[in-house]
Amino acid sequence: MTELAVRPSAVATRWWRDAVIYQVYVRSFADGNGDGIGDLPGVRGRLPYLADLGVDAIWLTPFYPSPMADFGYDVADYRNVDPIFGSLDDAKALIDDVHRHGLRIIVDVVPNHTSDRHPWFEAALRAGPGSPERERYIFREGKGAAGELPPNDWESIFGGPAWTRVEDGQWYLHLFAPEQPDLNWEHPQVHEEFADVLRFWLDLGVDGFRIDVAHGMVKAPGLPDVGRSGQARMIGMEVVPFFDQDGVHEIHRAWRRILDSYEGERIGVAEAWAPSPERLANYVRPDELHQAFNFHFLTAPWDAEAFREVIDESVRTSALVDAPPTWVLSNHDVKRHVTRYGGGDLGLRRARAAALLTLALPGSAYVYQGEELGLPEVLDLPEQYLQDPQRLRDPDSGRDGCRVPLPWTQDKPFGFAPPGAESAWLPIPESWGRLSVEAQRDDPESMLTLYRRALRLRRELPGLGDGPLVWLDSPEGSLAFSRGEGFVCAVNLRDRPVELTVAGELLLASAPARVSGGRVVLAPDSAAWWRGR
Ligand code: GLC
C-alpha cells in the first residue's frame with residue numbers, strides 16, 4: 001500500500017473532539033418521494049431542522065444499492081445509491097447542502113462483509129472451489145465424512161451457524177446473515193477495493209466514515225473453534241477468534257493515512273466491540289481512527305455508581321491514547337433508552353436527565369434520531385411488519401421497534417412523507433402525534449426544547465466539550481461534576497429528591513429544581529446545569 005503525505009491543510013481544528021453527531025437512520029428519517037421509505041432528498045429537506053437543533057454533524061446509515069437483507073448493511077455496490085434512497089446526484093447534492101448548513105457529514109462503510117449479490121460474491125459462486133474469485137471470501141471445506149458439517153463451531157451474531165453450504169459442497173463464512181458473506185482481509189484486492197471506496201466518497205466531500213464492525217475484519221489464523229455457544233458474543237465483549245484480532249489495527253492505520261491525505265480533518269469512527277475499555281482504546285490510537293463508540297456507557301444501568309464507573313473508565317482509557325471519549329445512549333441496533341430506563345413517564349424523566357448528563361461529559365456525543373423527541377421503543381408492532389433479520393432468528397431481540405419513522409407533524413400520517421404518500425414502511429403509533437416535532441417545537445417543557453437549549457449552551461460555554469471533568473461531592477445515588485470555569489452538572493438517579501449545595505446560576509434543568517440560598521433540591525431522576533460565579 002502506498003504511503004500518503006499529510007497535507008498541511010489537514011492541520012487541526014479538531015472539530016471531532018467534541019462534536020455532537022446526529023445519527024440519521026435514512027429509511028426512517030424523512031420520505032421525500034412518497035414511497036413510504038425515507039430517502040436522501042428527505043434528509044436534505046430536513047437539514048434546517050438539524051442545523052436549528054444545534055448538532056455539528058450527521059452520520060447516515062448505509063444508502064448504497066442493497067437487496068436489504070439487513071436493511072442496507074448488505075452492500076451490493078459501494079459507490080452508488082440504492083434507488084429507494086435516491087441517486088448519486090442526490091447524494092452529491094446532500095453533501096453540498098449539509099456543508100451549506102454549516103454541518104458535517106459522515107457515511108457508513110461496511111467492510112466486514114458484502115451482500116451475497118455483490119458482483120464479487122456472484123463471481124465466487126460461479127467460479128467454484130479453488131478459484132481466485134473464492135479467495136476474496138472465506139470459503140472452506142466442511143467437516144464430517146462428506147463435508148456435511150460446518151468447518152468450525154462459530155455462530156452468527158444473528159443466530160444459527162456462521163457458515164452456509166453452497167451447491168458444490170463448500171461452505172462460506174458469514175458472521176451476520178447468510179446474505180452477508182465475510183470478506184477475506186488477507187487478500188490484497190480487498191484492501192485495494194476499500195481504499196478506493198473511501199477515496200470515492202472523500203472525493204465527493206464526505207467528512208468521514210462510521211466503520212461497521214470495525215473489530216471484525218480479521219479472523220484468528222486457522223479459524224479455531226470457540227468451544228462455547230456463540231450467541232450474544234458481540235455484546236458479551238468476550239475474547240473470540242473472530243473479533244478484535246490485533247490484525248484489524250493495520251487496516252485502520254492504512255485508512256487513517258488515507259483520511260489524513262485529504263483536507264479538512266476527515267474522520268473514522270469505529271463501531272467496535274472490545275472485551276475491555278483498554279482494548280477499545282486501541283482503535284483510537286493517534287495513528288488509527290478518531291473515535292470509537294462507547295457501548296459500555298450505553299449498556300450501563302440507571303445507577304449512579306454504575307455511571308460513575310463507566311465515565312471514569314472511559315475518560316481514563318481514552319486519555320491513555322489522547323482520544324476523545326464518546327457517549328452513545330441509543331442507536332438503530334438497541335432498544336431506545338426511554339424504554340430501557342423504565343418506559344412511560346419514568347423512562348422519559350430519566351432520558352431527559354441522561355441527555356443533560358451526556359451533553360455535559362467531555363468528548364463527543366451521539367444523538368440517535370428521535371431521541372431528541374423522547375421517542376420510546378415501539379413494542380407492539382404488528383407481526384406482519386417485523387422484518388429485522390436478527391428477530392427472525394431470535395424473536396426477543398428484534399430491532400424494528402427502534403427504527404419506526406419519525407413523527408414530524410401532529411396529525412396522521414405525521415409528516416414523514418409528502419401528502420398523499422404510501423403508508424410509512426413501519427407504522428407510526430397513533431400516540432406519537434404529541435411527540436412530533438410540530439407538537440414539541442414551541443413547548444418550553446418539551447424534550448426537543450431541552451435538547452435545543454442544551455446544545456446551544458454546549459456551544460456557548462467554553463468548559464463543555466473537550467477538556468477535564470472534576471467530580472464533586474454529592475449525596476449517595478447522585479452525581480455531580482464540574483467542567484472548566486465553574487460549570488456544574490448534577491444528576492439525581494434516585495427515586496426521591498436529593499439536596500445539594502451549588503453556587504451559581506441555574507442554566508437548565510430536566511425537571512423543576514427548587515433553589516433556595518445555596519441549596520438546591522433536585523427532583524427524582526433529574527439533572528441540572530449551573531454556571532458558577
Ligand atoms: C452493525 C450495524 C448493524 C448491522 C451489523 C451487520 O452492527 O450497526 O445494524 O446489522 O453491523 O452489518
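The values are calculated or read from the model by the stated rules, or taken from the named source; none is laboratory data. Since the structure is predicted, the reported quantities are computational estimates derived from the model, not experimental observations. We place every Cβ from the backbone using ideal geometry, glycine too, and count neighbours over all the protein chains shown.
Remarks
- Pairs are defined by a Cβ separation below 7 Å, a sequence spacing of at least 6 or placement on different chains, a first member in the stretch 195-222 that is on the phi > 0 side of the Ramachandran plot, and a second member that is within 13 Å of the ligand (Cβ to nearest atom); the pairs so defined are 208/269; 213/112; 213/271.
- Leading residue by the ranking (modelled with the lowest pLDDT) among those in the stretch 392-409 that are basic (Lys, Arg) and crowded, with 18+ Cβ neighbours inside 10 Å: 399
Yes/no per residue for (1) in contact with an Asp or Glu (Cβ under 6 Å, 6 or more places away or on another chain); (2) at pLDDT 95 or above:
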{"site": "304", "(1), (2)": "no, yes"}
{"site": "312", "(1), (2)": "no, yes"}
{"site": "320", "(1), (2)": "no, no"}
{"site": "327", "(1), (2)": "no, yes"}
{"site": "336", "(1), (2)": "yes, yes"}
{"site": "341", "(1), (2)": "no, yes"}
{"site": "351", "(1), (2)": "no, yes"}
{"site": "355", "(1), (2)": "no, yes"}
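- Test for residue 403: is it within 25 Å of the chain's Cα centre (by Cα) and closer than 17 Å to residue 36 by Cβ: yes
- Hits in the stretch 266-301 (condition: more than 17 Å from residue 312 (Cβ to Cβ), in a helix (DSSP H, G or I) and of a type in the set (A, V, I, L, M, F, W, C)): 284
- Among the residues making up the stretch 89-104, a single one is surrounded by 19 or more Cβ atoms within 10 Å (Cβ to Cβ) and of a type in the set (Lys, Arg): 104.
- The stretch 110-125: number of residues that are within 16 Å of the ligand (Cβ to nearest atom) and crowded, with 22+ Cβ neighbours inside 10 Å: 9
- Looking only at residues in the stretch 165-191 that are of a type in the set (S, T, N, Q) and more than 16 Å from the ligand (Cβ to nearest atom), the one that is farthest from residue 150 (Cα to Cα) is 189.
- Tabulated pairs, the stretch 228-247, first over 13 Å from residue 272 (Cβ atoms), second within 13 Å of the ligand (Cβ to nearest atom) and modelled with pLDDT under 60, C-beta under 6 angstrom, 6+ apart or interchain: 240/233
- Looking across the stretch 72-105 at every residue that is part of a loop (DSSP other than H, G, I, E, B) and among the aliphatic types (A, V, I, L, M), the one that is farthest from the ligand (Cβ to nearest atom) is identified as 103.
- Residues of the stretch 110-162 that are among the basic types (Lys, Arg), under 27 Å from residue 270 (Cβ atoms) and not in a helix (DSSP H, G or I): 117 alone.
- Pairs where the first residue, in the stretch 502-518, is basic (Lys, Arg) and the second is surrounded by 18 or more Cβ atoms within 10 Å (Cβ to Cβ) and part of a strand (DSSP E or B), C-beta under 9 Å, 6+ apart: 514/520; 514/522
- Among (1) polar (S, T, N, Q); (2) at pLDDT 95 or above; (3) surrounded by fewer than 18 Cβ atoms within 10 Å (Cβ to Cβ); (4) within 16 Å of the ligand (Cβ to nearest atom), the one test that residue 231 misses: (2)
- Restricted to strands (runs of 3 or more DSSP E) entirely inside the stretch 413-519, those with at least 3 residues that are under 28 Å from the mean Cα position of the chain (by Cα) are 478-483, 487-492.
- When residue 65 is tested against the conditions (1) buried (at least 20 other Cβ atoms within 10 Å of the Cβ); (2) in contact (Cβ under 8 Å) with a residue 24 or more places away in the chain, the lone failure is (2).
- Check on residue 411, acidic (Asp, Glu), in contact (Cβ under 8 Å) with a residue 12 or more places away in the chain and within 16 Å of the ligand (Cβ to nearest atom): no
- The condition (being assigned to a helix (DSSP H, G or I), more than 16 Å from the ligand (Cβ to nearest atom) and in contact with a strand residue (DSSP E or B) (Cβ under 8 Å, 6 or more places away or on another chain)) is satisfied by just one residue among 358, 317: 358.
- Residue 372 vs. criteria crowded, with 19+ Cβ neighbours inside 10 Å, among the charged types (D, E, K, R) and within 16 Å of the ligand (Cβ to nearest atom): no
- Yes/no for residue 330 being part of a loop (DSSP other than H, G, I, E, B), among the small types (Gly, Ala, Ser) and closer than 25 Å to residue 58 by Cα: yes
- Looking only at the stretch 149-163, and only at residues there that are touching a residue at least 12 places away in the same chain (Cβ under 8 Å) and more than 16 Å from the ligand (Cβ to nearest atom), the one that is surrounded by the most Cβ atoms within 10 Å (Cβ to Cβ): 163
- Some residue of the stretch 274-287 being more than 16 Å from the ligand (Cβ to nearest atom), closer than 18 Å to residue 20 by Cβ and not aliphatic (A, V, I, L, M): no
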